[in-house]
Amino acid sequence: MIAESGHYALVLALALALIQSTVPLVGARLRDPALMNVARSAAVGQLLFVLMSFAALVMLHIISDFSVANVFENSHSLKPLIYKITGVWGNHEGSMLLWVSILALFGGLVALFGQNLPLSLRAHVLSVQAWIASAFYLFILITSNPFTRIANPPIEGRDLNPVLQDIGLAVHPPMLYLGYVGFSISFSFAVAALIEGRIDPAWARWVRPWTLLAWTFLTLGIAMGSYWAYYELGWGGWWFWDPVENASLMPWLAGTALLHSALVMEKRNALKVWTILLSILTFSLSLLGTFLVRSGVLTSVHAFATDPTRGVFILVILCLFIGGSLTLFAGRASALKQGGIFAPISREGALVLNNLLLTTACATVFIGTLYPLALEVLTGAKISVGAPFFNLTFAPLFVPLLIAVPFGPMLAWKRGDLLGAAQRLLAAAGAGLAAIALVWAWTRGGAVLAPLAIGLAVFVIGGAVTDLVERIGLFSVPLATAARRARGLPRSVWGSAFAHAGLGIALIGIVCETTWNTEHIGTMKAGDSVNVAGYELKLEGLTPRPGPNYRELAASFSVSLDGEPLSVMTPSKRTFTTRGMSTTEAALLRRGVSQLYISLGDTTPDDAIVVRIYHKPMVLLIWFGPVLMAFGGLLSLSDRRLRVGAPRPAKALRAMQAAE
Amino acid sequence: MTLWLVFALMTAAAIFAVLLPLGLRGSPSSDGGEASVYGDQLAEIDRDVASGQIGKPEADAARVEIGRRLIAAANQEARLALTSNTTWRRAAAVLALVGLPVLTIAVYLPLGSPRLGDFPLAERSRAPDGTQPLEAMVAQVEQHLEKNPTDGRGWNVLAPVLVRLGRYDDAIMAYRNAISYAGDTAERHADLGEVMAAAAGGVITADAKSEFERAVALDANDAKASYFLGLAAEQDGRRADAVSIWQAMLDKAPQNAPWRAAVQAALTRVTGATAPVLSNDTMAAANGMAAGDREAMIRSMVERLATRLKQNGNDVEGWLRLVRAYMVMGDRDKARGAEASAREAVANDSERLKQLKEGLKNLGLDG
């Protein structure tokens, strides 16, 4: 009964979505409030039914009802409860159900909390949202039904892919989906604006929280995914320029550009058409990511199923939505009124530069990801576009972007003063140069460019700090006044400072990890010890241990520094009987923001074991940066104030204040 | 029945969600518009000026801009008054009342299995003992062993059952565990090797072979291990070794050993793809006979072949078949004799002689 109720609820959600995608549109055309309001209650109803359906699937996984094919294929009665639950979205069908649940969640939130929206805009937004939802409900019901039953249930399930039996599965996919799917709201707003044929700063005000929310979760989702890959795959790498990673990076880059251009639009009524286009592109890239991962075009840990009908179905959805929205854009964009004007050197100008660089970077990743696939389809040749390509193309785009980041907030709206901004950034630049000198003096070896990159990162952080210091007048007014001003400063200002500083912090981590990483790979026997980056690691012994649904071989290493014992690290290798697969569980020892990392390889016949030991300096900063960025996003999100970009009048040449 | 009641309630809730706004009198609720956003923005400028965030000239410029937007927005809203359209509302209500349930049923029925109840794990493992399927018992034993992995006797019981279920990989592991926890016996090693071979589709892999060798080392008389070692030799192309291993088995074995026939058949297969001189039909006939009769029949046929070859010695294939037949019957002297006669018969024909030598080599006799 649970299974069938869940199945039926999903079908009801489809029916409600179909009504929601048509009736409000008619209502908006007729200006009938009752018909337009159908969108709200239908969206809430849809959310309830999808949640019911999702809860049913979770319940089926918890009670191990193997009469449901999805549970049988991806669960095992001995699995710990947490993995029974996370296993719900550790497979294709379940993760698609999570996808539409989040889609319905965003629709429901707009319906519930969108009272400040004009009636017709809300009706249009929810209708467009329901089109997307209907397409994906159909996709799930027809090609990937999680409620397919088995008449004679097997006694035991096939277990979840062991790599996914990790706490990371509880965090990474939901976060990432909140990000991916969250951008559907900006998309719906953009299409709604195009249908209505008008757009103004109020529009940007209404989209802002949704874009920020999606961006924040996407940032966290990507960072979490990267950390998970780092400790679970056992290679100590945190970014592989894998097509699936790129598929999440592309919407992030476009979404970051969107955040900034929407800011210009809200405050200055400029860049309107561009913002609409970015909204469409960002969600299109999210859909593209879904297609790449689900169609079987790629094989990776993310590609759950390789069923060609699914690929074709998603391709049709992709073409329909991207093609449809871009056609609508082409037809309507010229009719949209262009907004405010600004000088090239101004806050607007800086944000345009930001957008140019981000979208170019996004295009680079797009080409690097899709070119090999297109080439394989057309000529059959297999080429691999890996890190060298991305390092050569991505880095030159990000360096000017990072140099420009501190300048942006320093410039005034409409017409700015570059020289003045540069003068005010002297302290930050000084800090950067000092960092370069220090790094050069203290480190041995590594890339020549590494100290320069660290200097750049320090400059970015310094710029964020300078911006805050200037706004609260830390060194020019009495401390009490500064503290009062700091409290009065809009949270969005704090948010952007944190986000920009996060960028610099992540860069420091990336540079340090790639440049001064020490590694030792070799076979060790009990009693052997090695020295890695000053740490003495001794293999005490290997012990087999049983787990709930696996057996593991744990190695125990005692770690000491200068003869002082520090800790014991126990990496292990798990063998999962049901799927006959094994995973490595790396052991991590945190030292400040650096880490020692041990993962086990295969055992050799003479009772020795292959070990990989890494010392990764500053590695945690790589993920701390994005977390800081997400925190900035949340701060900004919590700032419900209106945003006004006061222009600097041409006459007023004194008062160099950067206006908020 | 309960299920359909639940479905009906859910459908009613969905219909209600659509009908609710249609039924409400069309009083435009707090319709947040652009004008209110711009009004808020103006208030925000005042606050910013008060807190010293922006200067007065900037504030004035911003007020002018926002004022313009406010006027534009007010004009826009005035042009779009709300209306009420009864016809379309009725149409929407009909869509909800009829269209929604019809569509839902039409989609659900072909996809769903409303007659199938739930089968949670708790319920499935409560099934009465008599009807409990083999798989369920295996699962129980496996669960027990998962918790007590050192129960060698348990592994020993489980392993052959797993083989029967075709779960070779698990059976291999079970036998391994049985050997580690219940003791090293020739029998277990031989069984393990057999499963390994089965898992590899009948090929005696190096791993399997080493298991058989271990078994033979523990007990030189282990028939299964010896048989498979012969098979391994055959698969490696060392037919002579295979023949000698099996021959040795037959020599040592008691007359009533149950596996005698199997080894004999294997020997027959190796020494000639088309068993000595018999066609499939006669072979089938021979299978039905008592041991003595069969032997008599084979002998008479071999004699016939020998006579034929004496008259016409050019048939190399025939000679080889005859030598094989004598070897299978365990009559080595006659085999040697037949070999010598064969060499004599084809001595003048280098092509045939070469053929004969190769054939003899394959039989394990020096070419």
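Filter the trypsin sites (Lys or Arg not before Pro) in segment B:176-244 down to the DSSP loop ones having no more than 16 other Cβ atoms within 10 Å, then list what survives.
Passing both the DSSP loop test and the Cβ count: B:238.
Per residue, how much accessible area does chain A have with a 1.4 Å probe, in Å²?
Accessible area per residue: 36 Å².
If I compute solvent accessible area with a 1.4 Å probe over the protein chains, what percent of it on segment A:116-240 is carbon and sulfur?
Roughly 70 percent of what the probe reaches on segment A:116-240 is carbon or sulfur.
Provide, for chain A, the number of lysine pairs with alpha carbons under 26 Å apart, each pair being eight or more places apart or on different chains.
The number of close lysine pairs in chain A is 15.
With the contact rule set at Cα under 8 Å and sequence spacing of 6 or more, what percent relative contact order holds for segment A:443-537?
Once normalised by length, the contact order is 37 percent.
Within a Cβ distance under 14 Å of residue A:521, other residues only, what is the Lys/Arg minus Asp/Glu net charge?
Computed value for this residue: -2.
Taking residue B:357 as the anchor, which lysines have their alpha carbon closer than 21 Å to its alpha carbon, excluding any fewer than eight residues away along the same chain?
Counting by Cα, and skipping residues close in sequence, residue B:357 has these lysines nearby: B:310, B:334.
Please report the net charge: other residues with Cβ closer than 10 Å to the Cβ of residue A:234, K and R +1, D and E -1.
Local net charge: 0.
Find how many whole Å separate the alpha carbon centroid of segment A:18-89 from the alpha carbon centroid of segment A:515-540.
Centre-to-centre (Cα) distance: 50 Å.
Excluding residues fewer than 8 places away in the same chain, name every one of the aspartates and glutamates whose C-alpha is closer than 15 Å to that of residue B:354.
Excluding near neighbours in sequence, the set is B:315, B:317, B:339, B:344, B:366.
Can you give the accessible area buried between chains A and B, summed over both chains, with a 1.4 Å probe, in Å² to the nearest 100?
6600 Å²
What lysines sit close enough to residue B:224 to cross-link, taking a C-alpha to C-alpha distance under 27 Å and skipping anything fewer than 8 places away on the same chain?
Leaving aside lysines fewer than 8 places away in the same chain, those within reach of residue B:224 are B:209, B:252.
Using Cα centres only, tell me the gap between segment B:206-258 and segment A:357-412 in whole Å.
Using only Cα atoms, the two centres lie 65 Å from each other.
Using alpha carbons only, how many angstrom separate the centre of segment A:155-169 from the centre of segment B:317-367?
Spelled out, the Cα-based centre of one part sits 63 Å from the other.
Give a quick list of trypsin sites (Lys or Arg not before Pro) in segment A:420-521 that DSSP marks as loop, anything other than H, G, I, E or B, with at most 16 other Cβ atoms within 10 Å.
A:444
Tell me what the protein assembly as shown gives for mean residue ellipticity at 222 nm when only DSSP H runs of n ≥ 4 count, each as -39,500 (n - 2.57), the sum divided by the residue total, rounded to 500 deg cm²/dmol.
-22000 deg cm²/dmol
Taking K and R as +1 and D and E as -1, what net charge do the other residues with C-beta under 12 Å from the C-beta of residue A:336 add up to?
Local net charge: +2.
The values are calculated or read from the model by the stated rules, or taken from the named source; none is laboratory data. Everything numeric here is computed off the predicted structure, so don't read it as measured data. Note that we place each Cβ from the backbone using ideal geometry, even for glycine, and neighbour counts take in every protein chain shown. The accessibility values were calculated without ligands, DNA or RNA, using every heavy atom of the protein model including side chains. Shrake-Rupley method; radii C 1.70, N 1.55, O 1.52, S 1.80 Å.
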